[in-house]
Each structure stands twice: as C-alpha cells, then as structure tokens.
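So the structure is just underneath, and the comments pick up after that.
Read-outs: derived from the displayed coordinates by stated rules, not from any lab. Computed from a prediction, not measured in an experiment: that's the story for all the values here. Every residue, glycine among them, receives a Cβ derived from its backbone with ideal geometry; neighbour counts consider all protein chains shown.
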Amino acid sequence: MSAPILQVAHLTKRFGNLIALNDVSLEIREGELFSIIGPNGAGKSTLFFNIIGLQKPDAGQILFRGMDITGKPPHKICDLGITCTFQVPRAFASMTIEEAIRVGAYKRYGERDVARKVDEVIALCDLEEHRRQRCCDIGLSLLRRVELARALATEPMLLLLDEAGAGLNPTELTELMTVLRRLNEEQHITLCIVEHVMQMVMGLCQRILVLDYGEVIAEGSPQEISTNPRVIEAYLGKGAVC
Amino acid sequence: MRSGNSLPRSLLIALLVLAALLPLVARSNQYALVLFTTVLLYGVLATAWNIIGGLAGQLDLAAGAYLGLGAFTVGTLLIRWNISPWLGMILGGLIAVGFALLIGYPLFRFGIREVWYALSSSALVEVLRVAFLIWNQVGGPMERYLPYHEWSLYHLRFATYMPFYYIMLGMLVLALVVNHRVRHSRLGYYLMALGENEDAAEVLGVNTQACKLQALALYAFLVGTAGGVYACMYGFIHPNFFSGPLSTEVAILGIVGGMGITYGPVMAAILLVSTREFLRANLGGQLESFYLVVYSVVLILIALFRPQGIATFVRGAYDRLLSRMVKE
C-alpha cells in the first residue's frame, strides 16, 4: 500500500448554528482514484473548499504529504501541488483558452518555457482547434475541459474535481472518465473526485467516502458502498432497504 | 473584451511623429498647447489606470489622490528647498506608491472587492483633500505658487507650455510601454485572471493579494509622477488637486476606451477630453455647463453601442480594411 498523500483529521466547519462538517477524517493514498460522495447538502463542497484553502476549518488538521496545510491560502497550497476544478466553472471569460491555460502554466515555468507547457497541455486535453476561442463563447463541456487543462498546467500531484460530471451527457461523461483514467495512469496524478453522478464514481474510483449531514457514514470499495445499508438509506430514505 | 492585438509598429511610429509635430501647428497658441497637454495628461492617467482597473478589474477611483501627492511633493520640495522637480517627480511617485500600499494592503488583505473597493479608494481622495486643507505648513486653503522662471530646465518652469507637451508625451510613451510590458508578462496574465475570478486564480497558484498590490503600485507611481509635471505646468499647488471628479473621469476614460486594451484609454482621452474642452470653450459663454450634457450623451451612446470600448471599434475598422486590401 502506498504512502498517504492527503490526511484530514477531525475536521469541523460551522456556519453559524449549522455544522457543515463534523469531525471528518479521511486519508487519500498516493496514486489513488478517490471519491467523496453524498446527497445534497452533505458537506462535500465544504470539505472540498477547506482542503483547497478557500475556507478555513474551525477545528481539525489537514496534512499534505506530512506537511500541515490547514488554513494556508490557496496559492500556497497550489505551490505544494494541490489544485482543483470547480462545480460551476469559474471561467476567465474574456481570455482565450490558450491564455487561461497560460495562467496555470506560469506556476512552474518562466517566460521562456511557458509557451511550451501551454502547447503540451493543449495537446493532452485535445484543445488544439479551440485554443484561440474566448472562454465566454464556449459551451459547458468545453469549459469543463478548459478548467481541467488549466489545473493540469500547474502540474499538481493531487487534483480535486468538484462535480466535474454534472451537466454532461453520457458520451461526454465517458470521455471525461477516459481522460481522468489516463491522467491517473500516465501522469501519476492522484485524483479526488467529489461527485454526485454515481455512474462516474462507481466506474472509476477505487475507494469511496460517503458523507451525510457533515459526517462520514461509510468508506470502502464501490461494491461495499453500493450494498451498504446506511448509504442506501441516506440516498433513498428510511425503508428503502428491503 | 481584452485583446493582445497590438497595432503594427509602422503605424505606431507614424502616430508618434504626428504627435511630436502637433505643437508646431499650434505654435504660439498657448490655449491649444494647454489643451493638447491636458489630453496627454488624461491619456497618461487613464493608461496607468488601465493596469489596476482594466487588467486587474479593480474599480479604482483614487487617481486624484496619487496625482495630488505627486503635485504636492514636487511643489513643496521646489518652493521650500529649491529641489529640482525631476527628483521631486520620482519622490512624488514613490510617496504615491507608499500611500497606495498603505491603503491597498488592508483592503486586499481583508478581501475588500468591487463596489467596496471603489468606495474606499474614492474616500482616500476626499480624506487627503481635507487633510491638506488643514495642514497649513504644506497645503492650506490658499494656492502656493511655484517660483517663476522664463526658461529653466532645472526648475521645470517655462513661460510657454510647449516643453510640457513634450514631457507629457514622453510620459505617455512610458506609460504605454509599461502597460504593454505588463500585459504580456506573468503579472499581466495573473491580473487578468484575478480580475475575472479571484478564487479561480488563487487555486491556480496566483497570489492575488501580492499581484493587486504590484498593479496598484505601478499605477500610483505613474500617476504620482504625472502629478509632479501637472504642478509645474500650472505653476501652483492647491488641495483641490485631490479631485474626486478627476478620479472618476480617469476611470471613465479607462472603461470607455476598452478595459485592458493597451491603447484604448489614450484613444478615449483624445476623443472625449478634446470634445469636452472644445465644447466648454465654445459653449461656455452662452450655455454654461451645457458641455456636460453633450459629454454625458456621448458617454451613453458609447455605453449603448460599444460597451467593450471604442478601441474595439477602431480595431474592427482596421481588420475590415486589412481584409479588403488582401482581397484586392
């Protein structure tokens, strides 16, 4: 078993009286395809934002390769090798696809080599024919690909995807899954997928963590999760298990 | 709408030569020279604003603050200690940067964005104006006059406006070069990205706070030095240099010109400031303030028909011309 890349210990996040995350602990191992699932309002996105640094937890600790990153600003966390894509694409609307990817590529490359990195990512994500299009002129599925591309340009070790499959049709979903699997195998990027679309998670991930009302209710392989009574109850309500 | 499209070099040189020859047309007509220099001044201010406002998307309304600080630095040093405005301009720019960082750091640190940033920056202008009105040793309610010289390069005082035109032209070229350089560098890409979405820029490794401070510093320095020249040109300093309306107008020129397009603000300055001054001079006698009505109508028309900025209109025409030439 490989070493842990991300360890979350006893993470708690409150919004006023609402406890969005309650004592959540998890461990992602290097090279893994990990997934966090849960019904609406389970705290998936909150967990995601806390890991990436856009929100600060009230208690608990987050370790990246043994280093404490709790409460660090996102750009520092990106320096270390974690980045993400968003549930609702946050496009750099007025920039071209090429320019948007360049923003990410500047993380590890100076003015001299940055164009080469951009070309590399564009080839990897199959964006060559679109590179001069503006981000405000393209559709959702292409936008998601651009989000993925600019995140990859920062050369992350751990990539978090927040509902990357939402709003995609089955063909686009299969395409996305192929791309993600390739990234994991060829580029050795650890993936953590926060997801709602079950089809994607079950077909792709090795280990799944289930959140409900801010708490971890199950953890295990896709088979274990799909037969776990607590998970079925959380998704379908009490009495669904017969 | 932002674009990296830059005008061809030959056209740029032609425009520069034209600008350099312009005062020869005016010759001893001092009014025309003041008008041309004022247009250039606004060009410098709006071009500088383009870095923080156009690229980084921060609606800054504090141009008057930095202009005033530059003017007062130059004026005070010259009046009290006979220190050359050339040195004063640099110091004025640095003092403006100092103030910008003093204000910018807490604002950006606590995530003051959008309208709140606009309000805070516009408050800075007013606070400084009142502070300099009260501060009798340096400001006070009376104008303070710079020493008169017929022609002194050391004191930057001349009996004609001609030299100021060329100094301002030089500053405009400098501002444009800085703008162009920034636009095509890492900082430029980072600023554009954070101007669109700060969180997305952050997770891609952009230190948004530091980048915004850098943009603010560049802008404040350019405006501060321009303020120094402004003081020498008019020959006095007064707390009203910390002007709210001027700050707003600089932002308007930047927006109307085309956010983030390097030559957009200059274009807006040439078009709008000369229109405004022309109207003011010609209608001033009969219809006082009527120029403001016309000016606003022009602004509304631009907002309606060219919300991306007038620079895109020129580029469109240029592209059409080019494609027609290629066809023939």
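Listing for the model above:
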read-out: Electrostatic dipole magnitude of region B:9-327 [Cβ: Lys, Arg +1; Asp, Glu -1; Cα centre; debye, to 20]; value: 720 debye
read-out: Coarse-grained scattering of the protein assembly as shown at q = 0.07, 0.10 Å⁻¹, given as base-10 log I(q)/I(0) from a Debye sum over alpha-carbon atoms; value: -0.52, -0.89
read-out: Per-residue ³J(HN,Hα) for region B:259-275, Karplus 6.51 cos²θ - 1.76 cosθ + 1.60, θ = phi - 60°, Hz, x for Gly and Pro; value: 4, x, 7, 3, 8, x, x, 4, 4, 4, 5, 4, 5, 7, 5, 5, 4
read-out: Karplus-derived HN-Hα couplings along region B:229-237 (A = 6.51, B = -1.76, C = 1.60, θ = phi - 60°), whole Hz, x at Gly and Pro; value: 5, 4, 4, 5, 5, 8, x, 8, 10
read-out: Extended-chain gain in nm, criterion 0.36 nm per residue less alpha-carbon gap, B:Y166 and B:L87; value: 26.6 nm
read-out: Å³ per residue enclosed by the Cα convex hull of region B:215-308; value: 122 Å³
read-out: Kirkwood Rh and Cα Rg combined as Rg over Rh, evaluated for region B:3-56; value: 1.08
read-out: Evaluated at q = 0.12 Å⁻¹: base-10 log I(q)/I(0), Debye formula over Cα of region B:9-327; value: -0.84
read-out: For region A:91-153, diffusion coefficient by Stokes-Einstein and Kirkwood Rh (Cα), 20 °C, 1.002 mPa s, µm²/s; value: 191 µm²/s
read-out: B:V298/A:N40 FRET efficiency (R0 60 Å; Cβ-Cβ; nearest 0.05); value: 0.75
read-out: Shielding by partners, peptide B:204-214 (average Cβ within 10 angstrom, other chains); value: 5
read-out: Rounded to whole Hz, the Karplus (6.51, -1.76, 1.60) HN-Hα couplings of region B:198-213, x for glycine and proline; value: 5, 5, 4, 5, 4, 5, 8, x, 8, 7, 4, 5, 5, 5, 5, 5
read-out: Qualifying aspartates and glutamates (Cα of each under 18 Å from Cα of B:K212; at least 8 residues distant if same chain); value: B:D60, B:E114, B:E196, B:E198, B:D199, B:E202
read-out: Taking B:L45, B:L133, B:L128, B:L304 and counting other C-beta atoms within 10 Å, the order from fewest to most; value: B:L304, B:L133, B:L128, B:L45
read-out: At R0 = 60 Å, FRET efficiency that the Cβ-Cβ distance of B:N136 and A:L236 yields, to 0.05; value: 0.15
read-out: Over chain A - Rg/Rh using Cα atoms and the Kirkwood inverse-distance radius; value: 0.97
read-out: Global geometry of region B:7-140, whether rounded, prolate or oblate, following the gyration tensor of its Cα atoms and the 1.5 cut on a/c; value: oblate
read-out: Value at 222 nm in deg cm²/dmol, rounded to 500, when DSSP H runs of n ≥ 4 in the protein assembly as shown each add -39,500 (n - 2.57); value: -18000 deg cm²/dmol
